[in-house]
Amino acid sequence: MSFATDVKATPHLEGALRKGLGAVLATDRTCVTVGTATRLLGSVAVDAALKAPQPNAARWDYLIGQNRSGGAFLYWIEVHPASSTGNIREMEAKLNWLAEWMRTTPLSSYPRQIAWIACGKSAFNSRHPALRSLANRGLRYAGGHLTV
């Protein structure tokens, strides 16, 4: 299967795949740098696509696919405040949701990076002790910017 095919086969993501970073809101796009644009397979606004079927869920923001020598690589990106440790609890809920939701999709088998991009003022850096449990579960705290 291909990234595009697997996105289309994922419930509620049919038709959500956009070229490049097209699915990423302009304000959030400023926090993401693309190393080689031609390697992008596209992006999906996961939060927007799943808002109607899961209105009360702690949904994840974006999925970006990148072509690497070993095949498709996925970036699961959440642009979220990091102004207090309360935001860490919110990210735990979002990470729990993502793990559970992704498990039931064809996208679960791809190699991936799950990243939190801090928007606005950040109260901590990537070495903050409160982030350890998230890091142990595979979440990368990227600070205010991520390069894909």
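Output the residues belonging to segment 34-51 that are assigned to a strand (DSSP E or B) and under 14 Å from the mean Cα position of the chain (by Cα). Give the derivation first.
First, pick out the residues of segment 34-51 that are assigned to a strand (DSSP E or B): 40-45.
Correct list: Gly42, Ser43, Val44, Ala45.
Against the definition (farther than 19 Å from Thr147 by Cβ and touching a strand residue (DSSP E or B) at 6+ places or on another chain (Cβ under 7 Å)), how does Ala93 come out, yes or no? I'd like the intermediate steps shown before the answer.
Details: farther than 19 Å from Thr147 by Cβ: yes; touching a strand residue (DSSP E or B) at 6+ places or on another chain (Cβ under 7 Å): no.
Here the answer is no, as Ala93 does not meet what is asked.
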Residue pairs within 9 Å by beta carbon, gap of at least six or interchain, first lying in segment 39-60 and at positive phi, second of a type in the set (D, E, K, R), listed first then second, are Gly42/Arg18; Gly42/Lys19
Please tell me if Ile77 is part of a strand (DSSP E or B), out of contact with any His (no Cβ under 8 Å at 6 or more places or on another chain), among the β-branched types (Val, Ile, Thr) and open to solvent by 10 Å² or more (accessible area, probe 1.4 Å).
no
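Assess whether Ala57 counts as being open to solvent by less than 60 Å² (accessible area, probe 1.4 Å) and either farther than 20 Å from Thr147 by Cβ or under 15 Å from the mean Cα position of the chain (by Cα) (or both).
yes
Taking segment 37-52, which residues are open to solvent by 10 Å² or more (accessible area, probe 1.4 Å) and closer than 21 Å to Ala4 by Cβ? Spell out the reasoning first.
Of the residues in segment 37-52, the ones open to solvent by 10 Å² or more (accessible area, probe 1.4 Å) are 37-41, 45, 47-49, 51-52.
Within segment 37-52, Ala37, Thr38, Arg39, Leu40, Leu41, Ala45, Asp47, Ala48, Ala49 meet the criteria.
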Against the conditions (1) buried (at least 17 other Cβ atoms within 10 Å of the Cβ); (2) more than 23 Å from Gly143 (Cβ to Cβ), where does Glu14 fall short? Just the number, please.
(1)
Segment 119-146, residues that are closer than 13 Å to Thr85 by Cβ and either aliphatic (A, V, I, L, M) or open to solvent by less than 60 Å² (accessible area, probe 1.4 Å) (or both):
Ser122, Ala123, Phe124, His128, Ala130, Leu131, Ser133, Leu134, Tyr141
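Being charged (D, E, K, R) and exposed (fewer than 15 other Cβ atoms within 10 Å of the Cβ) is the filter here; which residues of segment 19-36 pass it?
Result: Lys19, single match.
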Where residues in segment 1-33 are of a type in the set (Asp, Glu) and assigned to a helix (DSSP H, G or I), which of them is farthest from Ile77 (Cα to Cα)?
Asp6
Identify all residues within segment 77-106 that are in contact with a Cys (Cβ under 9 Å, 6 or more places away or on another chain) and over 14 Å from His128 (Cα atoms); write none if there are none.
Ile77, Val79, His80, Pro81
Being within 14 Å of the chain's Cα centre (by Cα) and open to solvent by 10 Å² or more (accessible area, probe 1.4 Å) is the filter here; which residues of segment 63-74 pass it?
Phe73
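The values are calculated or read from the model by the stated rules, or taken from the named source; none is laboratory data. Just so it is clear, the structure is predicted and the values come from calculations on it, not from any experiment. Quick reminder, even Gly has a Cβ in these numbers, built from the backbone with ideal geometry, and neighbours come from all protein chains shown. Heavy atoms of the whole protein, side chains included, go into the accessibility calculation; ligands, DNA and RNA do not. Shrake-Rupley method; radii C 1.70, N 1.55, O 1.52, S 1.80 Å.
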